[in-house]
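One structure is given here, and the rest of the page talks about it.
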Amino acid sequence: MLHILNEAETRAALPWPALIEGLCRMFVTGCERPLRHHHEVAVPGEECGTLLLMPAWVPGDFIGVKMVTVIPGNSARGLPAISGAYLLSSGATGSLLAVIDGAELTARRMAAASALASRYLSRTDARRLLVVGAGKLALNLIEAHASVRSIESV
């Protein structure tokens, strides 16, 4: 059965503790990660866009490809310049299992990696967190770090 996860469903499917632990296991065990593909895409009458393909897999388990498009002319349309999706397939059969919101997945993965590093590098009694920046990643960083430390002040 194919699952299509929008932003909210991606967030719900990846709670911080499970995501951080899964990321930790993957950093230890590893996976196959060929170089990403970077392609120029013509957009008639506009600046060229970019297509990025980022594959990775665990043999016999899962195959994933993050696909990102960068279309600079989208700002004139009131659309985000960057769009993406993650395609998850069975490593045994190749069957497509899920299409996952790329922006939310990326923001959660980056925040989880930061919180995982904090788990090993910050003091266990740390109660304050400094976040420089704003937006989706900043909010995710706060939530992720609060799942590994008892943060009282941001």
The helices (runs of 4 or more DSSP H) lying wholly within region 51-147 that contain at least 3 residues that are more than 20 Å from residue 20 (Cβ to Cβ) are 74-77
- prompt: Has region 44-53 got any residue that is surrounded by 10 or more Cβ atoms within 10 Å (Cβ to Cβ) and under 17 Å from residue 105 (Cα atoms)?
  reply: yes
Pairing a residue in region 140-154 that is among the acidic types (Asp, Glu) with any residue that is outside any loop (DSSP other than H, G, I, E, B) and surrounded by fewer than 18 Cβ atoms within 10 Å (Cβ to Cβ), where Cβ atoms lie under 9 Å and the two sit 6 or more apart in sequence or on different chains, gives 152/128
Check your understanding: Quick check: is even one residue across region 74-88 over 24 Å from residue 114 (Cβ atoms), without any contact (Cβ under 8 Å) to a residue 24 or more places away in the chain and of a type in the set (Lys, Arg)?
Key -> yes
When residue 40 is run through (1) assigned to a strand (DSSP E or B); (2) of a type outside the set (Lys, Arg); (3) surrounded by 11 or more Cβ atoms within 10 Å (Cβ to Cβ), the failure sits at (3)
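Every number in this text was worked out from the coordinates using simple rules, so none of it is lab data. Note that the structure is predicted; figures quoted are calculated from it, not measured. Note that we place each Cβ from the backbone using ideal geometry, even for glycine, and neighbour counts take in every protein chain shown.
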